[in-house]
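Novice: Below you'll find the structure I mean.
The values are calculated or read from the model by the stated rules, or taken from the named source; none is laboratory data. Note that the structure is a prediction, hence the values are computed from the model and not measured. Reconstructed Cβ throughout: ideal geometry from the backbone, glycine too, with neighbour counts over all protein chains shown. In case anyone asks, the SASA skips ligands and DNA or RNA and just uses the protein heavy atoms, side chains included. Shrake-Rupley method; radii C 1.70, N 1.55, O 1.52, S 1.80 Å.
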Amino acid sequence: MVQSRGFVGRRGAAEVALPPGQYLTEEFPVLSAGPTPHVPLEQWELTIEDGRTRLRRWNWKAFRELPAEKITTDIHCVTRWSKLGTMWEGVSLDTLLADITSDASFAVVRSYGGYTTNLPLADLRNKRAWIAFRFNGVDLAAEHGGPARLLVPHLYFWKSAKWVNGITLLEHDEPGFWERNGYHNYGDPWREQRYSGD
């Protein structure tokens, strides 16, 4: 079981250490930039490319045959809610990026529906990120990013792109959708990096 920074089991409200400006919720609010894509599993795919060449491709069957991990972690939304001890299942980006040789330092993650988000490649490695397909023991619902979403729990949750279908490895940083629209380029909740200039 992988546990992200700050997770120490069940806690009462008095003993929770939350990032600054956050409040606890038991709910899982649904926030999206546009309509929810509904992607049939037989049409779903995930690709990794370098901007010129497709390096890897999985259909749903091949993706689900990859080794999966169970992750218990806290998540923090830029809209100020935090949810503790969330349980996911997914494939580590370490597995997906294994044996890929690249000079890239950054990644742009693409989603069905056209959404993108950018991350340093280092934030996708070393058991820090997964492509998640299950939440709390059930297949991930479309409104929460199903059939599969990026999970990067150490950053604000907009970095955990829903409906993921591709990753482009880049040698330079390239802001994604929210980053081009006033959100912080990195998004560390513990440093309260909500908006550009924070």
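Novice: With a 1.4 Å probe and all protein chains in place, put W178, W158 in order of accessible area, largest first.
Specialist: Correct descending sequence by accessible area is W178, W158.
Novice: Continuing with this model, one more query. Using a probe of 1.4 angstrom, how much of the accessible area of the stretch 113-155 is carbon and sulfur, in percent?
Specialist: 51 percent
Novice: At a probe radius of 1.4 Å, what is the per-residue accessible area of Y112, in Å² to the nearest 10?
Specialist: 50 Å²
Novice: Checking the a/c ratio against 1.5 first, then a/b against b/c, what shape does the Cα gyration tensor give for the stretch 106-157?
Specialist: oblate
Novice: Let me ask another. Name the residues of the stretch 34-51 whose amide N is less than 17 Å from a point 7 angstrom out from the Cα of D139 along the C-beta direction?
Specialist: Answer for the stretch 34-51: 37-46.
Novice: Name the shape class, rounded, prolate or oblate, that the alpha-carbon gyration tensor gives for the stretch 63-198, where a ≥ b ≥ c are the square roots of its eigenvalues, rounded holds for a/c under 1.5, and otherwise prolate holds if a/b is larger than b/c and oblate otherwise.
Specialist: Note, shape of the stretch 63-198 comes out oblate.
Novice: For the stretch 122-198, what class follows from the C-alpha gyration tensor (a ≥ b ≥ c being the square roots of its eigenvalues): rounded when a/c is under 1.5, otherwise prolate if a/b is larger than b/c, else oblate?
Specialist: prolate
Novice: Which order do you get for S105, S92 if you rank them by accessible area with a 1.4 Å probe, largest at the top?
Specialist: Most to least solvent-accessible, the answer reads S105, S92.
Novice: Let me ask something else about it. From the backbone phi of the stretch 112-121, what are the Karplus-calculated ³J(HN,Hα) couplings (6.51 cos²θ - 1.76 cosθ + 1.60, θ = phi - 60°) in whole Hz, Gly and Pro given as x?
Specialist: Going residue by residue, I get 4, x, x, 5, 9, 9, 10, 8, x, 4 Hz, with x marking Gly and Pro.
Novice: Tell me the label-point distance for the pair T79, A17, using the 7 Å Cα-to-Cβ offset, in nm and rounded to one decimal.
Specialist: Taking the two extended label points, one gets 2.8 nm.
Novice: Which order do R128, R149, R54 take by accessible area at a 1.4 Å probe, largest first? Please report the intermediate quantities before stating the final value.
Specialist: Details: R128 85, R149 5, R54 145 Å².
Result, largest first: R54, R128, R149.
Novice: Next question. Once you list every other residue whose beta carbon is under 9 Å from the beta carbon of S105, what net charge do they have if Lys and Arg are +1 and Asp and Glu are -1? Don't jump to the answer; show the numbers that get you there.
Specialist: Details: positive: none; negative: D103, E171, D173.
Counting the neighbours of S105, the net charge comes to -3.
Novice: Sticking with this one: Compute the accessible area per residue over the chain, keeping the other protein chains in place, probe 1.4 Å, unit Å².
Specialist: Values: 9690 Å² over 198 residues.
The answer is 49 Å² per residue.
Novice: In debye, nearest 20, what is the charge dipole magnitude of the stretch 44-198 about its Cα centre with +1 on Lys and Arg Cβ and -1 on Asp and Glu Cβ, if you could check?
Specialist: In debye, rounded to 20, the stretch 44-198 gives about 380.
Novice: With 10 Å bins from zero, work out the P(r) of the stretch 54-142 over every alpha carbon pair and list the percent per bin.
Specialist: Histogramming the stretch 54-142 at 10 Å steps yields 13, 43, 37, 7 percent.
Novice: Now for a separate question. For Q193, list long-range residues whose amide hydrogen, built 1.01 Å from N in the peptide plane, is under 5 Å from its own amide hydrogen.
Specialist: Here D188 satisfy the definition.
Novice: Quick one: accessible surface of F133, probe radius 1.4 Å, all protein chains present, in square angstrom to the nearest 10.
Specialist: Around 10 Å² of this residue is reachable by solvent.
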